[in-house]
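The values are calculated or read from the model by the stated rules, or taken from the named source; none is laboratory data. These figures come from a predicted structure and were not determined experimentally. In this analysis, Cβ positions are derived from the backbone assuming ideal geometry, glycine residues included, and neighbour counts consider all displayed protein chains. Surface accessibility is based on the protein's heavy atoms, side chains included, excluding ligands, DNA and RNA. Shrake-Rupley method; radii C 1.70, N 1.55, O 1.52, S 1.80 Å.
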Amino acid sequence: MMTAFPFDTAVLIGRFQPVHAGHLALLRQALASAPQVIVVVGSAWQARTPRNPFTWMEREAMLRNALPEADRARLTVLPMRDYYHATRWVAAVLQAVSRHSAPDARIGLVGHFKDATSGYLDDFPGWQLITMERQGSIDATAVRDAYFGATPQTVGTALAGVADQVPANTLDFLHAFAAQPEYAALQQEWTMLRGYREAWSRAPYPPVFVTVDAVVRCQDQILLIRRAHAPGRGLLAVPGGFIEQRETVWQSCLRELAEETHCAVPEAALRAALRQVHVFDHPDRSQRGRTITHAHYFDLGDAPLPAVQADDDAQSVQWLSIGGLAAMEEAFFEDHFHMLDHFLGLTAQG
């Protein structure tokens, strides 16, 4: 006898970094609510970081391997980039789900309100919310902190305290991943970021950092650096950095551009080439803390490519073709790909 489900499709949205017992409880609720379950895996195509250490394919495998074979066949996993723009993200999720469900499908959204990051549950008024109480006593942050607070030799001991809250297949994956070179790099970056935040922990209020970035276009190429230091060592980024006490954002932008790239374009020429200044202020755009940046977009047109040379915080500097950037999303630091997307429309067809 067929089971009568209250919904045609149940949707579960999360980052699953990594999958833990609370995620699995939500997934089981989704499977009990509809014959088809769509899991939207967020933070897809981002570079590995301590906050997003695992690829969307690795997270999909964690989800599927935690289920019986029959339930895996009912599961559709959709990777989703963050966009760092709520309206665009909601539209992208709706469009992706619509491609895998009937136009008149009864759709339920499974979730629980954990904190401010759960606000997205109110962004889909056409879907009925299937609410659940918090399951388990930990979240993914606690698992990552235990994991990256260890070393490859002590991972087993570090995870023992959360083992009852993590599916066995996730634990197996974490143990295997700890033997990979990516783990050591992420563990070092986690340690650096933890010390960075602890340095500000005694401030009377949580600090808000102000930075600047320079998006320089010339001959349909963009000036990019590879970061020399953590966080994001080796990742692509636009030139930029923290504003200093006696600078305007314009002065800071010029200084950072000169320090990191030695781009010898006169100030007057840069001012004439300035097309837009946009503020990027998503609360989750930087792991270093609440960081608001003022990105300056310059278009030098068909002028000769300015000579550049890496210095300061840049491991290297190069001009890259705009046409190739969309395929390099996973190589960018923090939200810098999305910064370029804002000015250049890199995902307009994606």
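Structure notes:
- For the range 255-312, the convex hull drawn through the C-alpha positions has a volume of 106 cubic angstrom per residue.
- Within the chain: Cβ-based charge dipole about Cα centre, in debye rounded to nearest 20 (Lys, Arg +1; Asp, Glu -1): 540
- Loop-resident GluC sites (Glu not before Pro) (DSSP state other than H, G, I, E or B) in the range 189-258 with no more than 16 further Cβ atoms inside 10 Å of their Cβ: Glu244, Glu247.
- 5 Å binning of all Cα-Cα separations within the range 210-253, expressed as whole percents from 0 upward: 5, 22, 22, 22, 17, 10, 2
- Counting protein heavy atoms only, the range 207-346 has 49 percent of its accessible area on carbon and sulfur, 1.4 angstrom probe.
- Pairs of alpha carbons in the range 196-350 whose separation is greater than 22 Å (percent): 39
- Pairwise label distance in nanometres, Phe242 with Ala269, each label 7 Å out on the Cα-Cβ vector: 3.2
- Summary of the geometry: the range 124-170 and the range 303-322, compared by the centres of their Cα atoms, lie 41 Å apart.
- In loop segments of the range 185-257 as defined by DSSP, the trypsin sites (Lys or Arg not before Pro) with at most 16 further C-beta atoms inside 10 Å of their C-beta are Arg202, Arg233, Arg246.
- Area projected by the alpha carbon convex hull of the range 90-178, averaged over all directions, nm²: 7.7
- Relative to the current alpha-carbon distance between Ser137 and Ala307, full extension at 0.36 nm per residue lengthens the span by 55.7 nm.
- For the chain, the solvent-accessible area with a 1.4 angstrom probe is 48 square angstrom per residue.
- 3J(HN,Hα) along the range 228-244, derived from phi through the Karplus expression 6.51 cos²θ - 1.76 cosθ + 1.60 where θ = phi - 60°, amounts to 8, 9, 5, x, x, 4, x, 8, 6, 7, 7, x, x, x, 7, 6, 9 Hz, with x in place of Gly and Pro.
- Surface share of carbon and sulfur [accessible, 1.4 angstrom probe, percent] for the range 1-130: 55
- Once the Cα gyration tensor of the range 72-134 is diagonalised, semi-axes √(5λ) in Å: 19, 16, 12
- Gained length - Trp200 relative to Ala86, 0.36 nm times residue gap less alpha-carbon distance: 38.2 nm
- With θ taken as phi - 60° and the Karplus curve 6.51 cos²θ - 1.76 cosθ + 1.60 applied, the whole-hertz 3J(HN,Hα) list for the range 276-292 is 6, 10, 10, 8, 10, 9, 4, x, 9, 6, 9, 6, 6, x, 5, 10, 10 Hz, x standing for glycine and proline.
- The per residue volume of the convex hull around the alpha-carbon atoms of the range 1-135 is 115 Å³.
- The phi-based Karplus calculation (6.51 cos²θ - 1.76 cosθ + 1.60; θ = phi - 60°) puts the 3J(HN,Hα) values of the range 33-49 at 9, 7, x, 10, 10, 10, 9, 8, 9, x, 6, 6, 6, 9, 4, 5, 9 Hz, whole numbers, x for Gly and Pro.
- Between helix 168-177 and the chain there is an angle of about 30 degrees, using the helix long axis and the longest principal axis of the Cα atoms.
- Mean residue ellipticity at 222 nm, helices only, the chain: -9500 deg cm²/dmol; runs of at least 4 DSSP H residues each add -39,500 (n - 2.57), and the sum is divided by the number of residues.
- Each 10 Å bin, from zero up to the one with the longest distance, holds this percent of the alpha carbon pairs of the range 10-86: 20, 54, 23, 3.
- Leading residue at positive end of dipole, the chain (Cβ point charges), from Met192, Thr55, Ala307: Thr55
- Computed from the C-beta positions of Gln128 and Met57, the FRET efficiency with R₀ = 30 Å rounds to 0.50.
- P(r) histogram, all alpha-carbon pairs of the chain included - 10 Å bins from 0, percent: 5, 22, 29, 24, 14, 5, 1, 0
- For trypsin sites (Lys or Arg not before Pro), the sites in the range 88-182 that DSSP calls loop and that have at most 16 other Cβ atoms within 10 Å are Arg99, Arg106, Lys114, Arg134.
- Values of log10 I(q)/I(0) for the range 137-226 across q = 0.12, 0.17, 0.23 Å⁻¹ run -0.59, -0.84, -1.11, by the Debye formula with one identical scatterer at each alpha carbon and no solvent.
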